[in-house]
Amino acid sequence: MRLIFPISIFAASICIAAAVIMLVDTTALTYWAAQQQRVFQNAMAGSLRAIQTGDGMALWSLCSLTFAYGFVHAIGPGHGKVLLGGAALSSQSTLRRMTLLTLVSSLAQSLTAIIIVVGGTTLLSLSSADAVNLTEQWLAPISYAAIALIGLYLAGRAGRQFWRLGHSATHDCNAACGCGHRHGPDLQEVDALSNWREMVMLVASIAIRPCTGALFLLVIAWRFQILPAGVLATITMGLGTAAFNLFVAGSGVGLRGLFRGAGRTSNGLRYLPAALQLAGGVLITLLSVGMLLQTL
Amino acid sequence: MIRTLLLACAISVFGPAVNAHPHIFVDADGGFVFNEAGQLVGVRVFWLYDEYTTLFLYDTLDLDKDGDGALNEADLEKVRLGETTWEPGYEGDTHLWIEGEKQALSQPLASSAQMVKGRIGVSFELHLQAPLDMAGRSASLKLYDPIYYYAYSIPSEGRILGNASGCHVWVNRFNPDGQTAKLQKELAALSREDMPDDLNIGAKFAEEIALQCD
């Protein structure tokens with residue numbers, strides 16, 4: 001039964017994800033990350049005060065601190081690593097393309113923070129507390145929902161491939177019918193995220209929700225009349241986030257390679273890209289729906 | 001096996017452990033407040049914000065208008081009001097159980113605000129519906145934000161305020177390894193059909209101030 005292969009790939013991906021989540025003690029990890037973040041935050045407060053009093057060197061320490069903060073903070077949810085990891089697993093994207101997507105989405109996230117604080121408070125006369133509420137209560141759920149939709153889209157796309165495969169397999173195809181059925185989706189077909197529209201969707205779903213830590217940073221910097229320093233430090237924070245997400249996206253690409261290596265020994269190879277995409281899509285959807293439920 | 005894995009998957013997806021993200025750090029302390037007659041009237045809570053949040057509060061509460069970095073009396077009054085005027089339904093992240101029973105507490109009373117080494121601090125009391133004789137009883141006070149946006153930690157040993165005889169107080173701290181054991185127990189319990197009822201992320205990290213009276 002050919003379907004056993006894709007089904008087992010699908011189940012294996014889900015189980016590996018569950019096992020990783022279980023093995024990595026998320027409670028201790030989260031606690032650890034929170035403690036690190038606290039240390040960085042306090043140091044950032046010190047640097048901001050130093051910059052205000054005219055210490056030019058403090059800008060360098062602030063930027064290194066926000067980079068580290070962005071990295072540690074990305075271990076928490078909401079910075080697109082679910083989507084980036086899942087997309088790396090399920091699309092045919094090269095490591096180079098995933099790197100680019102990760103960088104762009106993290107920097108776009110920084111840009112959103114800058115737009116919300118600078119634009120929101122000047123154009124819409126939001127208070128800084130409103131800006132944070134907007135982010136936590138609206139933009140975060142919207143971002144999770146958008147990411148869940150992309151997950152569904154990937155899964156749906158994979159489902160169509162399966163249907164087509166199943167269809168062509170039951171068909172006795174001979175030369176006379178000239179049906180031109182293909183015996184497996186070619187890579188181009190399964191390759192989600194290859195056109196710019198899909199890539200923009202991916203970046204936007206992540207970038208729509210800025211990091212609250214970046215909002216705090218910009219608000220404080222503005223208050224201290226050192227906004228340019230705040231903007232620069234927000235960008236390095238985005239780079240720190242990107243650095244962590246690169247690990248996740250890279251692991252996704254690597255895991256896909258492993259599956260492909262295993263699949264080569266079996267005749268089910270042609271189902272593999274679609275099976276991976278289904279697993280990636282379902283994982284993205286489940287995780288982001290879980291996070292969405294918690295924010296509502 | 002597959003069932004356990006699926007449940008593990010469900011708990012990791014819908015459970016809280018994968019989703020925690022504090023932004024505001026508070027060094028907290030809690031004291032059990034007793035009256036002259038030796039009855040428990042409520043708890044006193046101390047919050048000391050981290051330096052970063054303190055700077056953010058400068059903006060949200062519009063403090064330090066003269067820009068000298070220091071807070072004057074009017075600023076501190078703004079802090080006090082801002083921190084102790086609560087929206088309906090907000091419990092101040094203060095959760096008190098007596099003999100295992102969750103207590104309804106008052107709005108903040110006897111509040112004050114101060115600046116401690118560049119950090120904003122507030123303190124207030126929350127009272128029980130009626131004073132309670134604690135002889136032979138125990139109480140548990142936890143300070144946590146259910147969604148873990150605020151991360152509270154308790155560096156002190158807890159306090160007893162007022163006339164309490166025969167009572168002692170101590171703090172049960174968060175211990176990641178202990179939590180791991182708890183999580184494993186929860187997962188083991190899953191095969192017995194039930195989901196853990198405490199899917200509350202903040203509570204997982206909460207430190208407990210415990211009171212025991214003879």
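The values are calculated or read from the model by the stated rules, or taken from the named source; none is laboratory data. What you are looking at is a predicted structure, and each value in this text was computed from that prediction instead of being measured. Every residue, glycine as well, gets a Cβ built from its backbone with ideal geometry; the counts of neighbours run over all protein chains shown.
Within region A:116-141, residues that are more than 11 Å from every other protein chain (Cβ to nearest Cβ) and among the β-branched types (Val, Ile, Thr) reach partners that are buried (at least 19 other Cβ atoms within 10 Å of the Cβ) and not in a helix (DSSP H, G or I) with beta carbons closer than 7 Å, at six or more positions or on different chains, in the pairs A:116/A:210. Residues in region B:101-124 that are in contact (Cβ under 8 Å) with a residue 12 or more places away in the chain and either in a loop (DSSP other than H, G, I, E, B) or over 20 Å from residue B:28 (Cβ atoms) (or both): B:103, B:104, B:105, B:106, B:107, B:108, B:118. Identify the residue in region B:101-123 that is under 19 Å from residue B:63 (Cβ atoms) and within 18 Å of the chain's Cα centre (by Cα) and, among all such residues, is surrounded by the most Cβ atoms within 10 Å (Cβ to Cβ). If we take residues in region B:101-123 being under 19 Å from residue B:63 (Cβ atoms) and within 18 Å of the chain's Cα centre (by Cα), then B:120 is surrounded by the most Cβ atoms within 10 Å (Cβ to Cβ).
Screening region B:27-60 for residues that are acidic (Asp, Glu) and in a strand (DSSP E or B) and picking the one that is farthest from residue A:44 (Cα to Cα) gives B:29. Counting only helices (runs of 4 or more DSSP H) that sit wholly inside region A:36-119, those with at least 3 residues that are among the polar types (S, T, N, Q) are A:58-73, A:95-114. With respect to being over 26 Å from residue A:113 (Cβ atoms), in contact with a Ser or Thr (Cβ under 6 Å, 6 or more places away or on another chain) and either more than 8 Å from chain B (Cβ to nearest Cβ) or modelled with pLDDT under 75 (or both), residue A:7 falls outside the description. Within the span defined as region A:259-276, every residue fails to be at pLDDT 80 or above and among the polar types (S, T, N, Q). Suppose we keep only residues that are within 15 Å of the chain's Cα centre (by Cα) and within 14 Å of another protein chain (Cβ to nearest Cβ) within region B:20-55. Which one would you say is nearest to residue A:292 (Cα to Cα)? The qualifying residue nearest to residue A:292 (Cα to Cα) is B:22. In region A:10-60, the residue that is surrounded by the fewest Cβ atoms within 10 Å (Cβ to Cβ) out of those that are at pLDDT 80 or above and hydroxyl-bearing (Ser, Thr, Tyr) is A:53. Of all residues in region A:210-235, those satisfying the criterion of being polar (S, T, N, Q) and under 23 Å from residue B:149 (Cα atoms) are A:212, A:234.
For region B:133-157, a residue qualifies if it is of a type in the set (A, V, I, L, M, F, W, C) and either within 12 Å of chain A (Cβ to nearest Cβ) or buried (at least 16 other Cβ atoms within 10 Å of the Cβ) (or both), and the qualifying residues are B:134, B:139, B:141, B:143, B:147, B:151, B:154. Filtered by the rule that a residue be under 21 Å from the mean Cα position of the chain (by Cα), among the aliphatic types (A, V, I, L, M) and closer than 11 Å to residue B:31 by Cβ, region B:150-168 gives B:160, B:161. Annotation: residue B:164 fulfils all but one of (1) more than 13 Å from residue B:209 (Cβ to Cβ); (2) crowded, with 17+ Cβ neighbours inside 10 Å; (3) out of contact with any Asp or Glu (no Cβ under 6 Å at 6 or more places or on another chain); (4) at pLDDT 90 or above; the unmet one is (4).
Annotation note: of A:236, A:212, A:241, the sole residue that is at pLDDT 90 or above and within 14 Å of chain B (Cβ to nearest Cβ) is A:241. Just one of the listed residues (A:170, A:102, A:122) is of a type outside the set (A, V, I, L, M) and modelled with pLDDT of 90 or more, namely A:102. Considering (1) modelled with pLDDT of 85 or more; (2) under 30 Å from residue A:287 (Cα atoms); (3) not acidic (Asp, Glu), the lone condition that residue B:55 does not fulfil carries the number (2).
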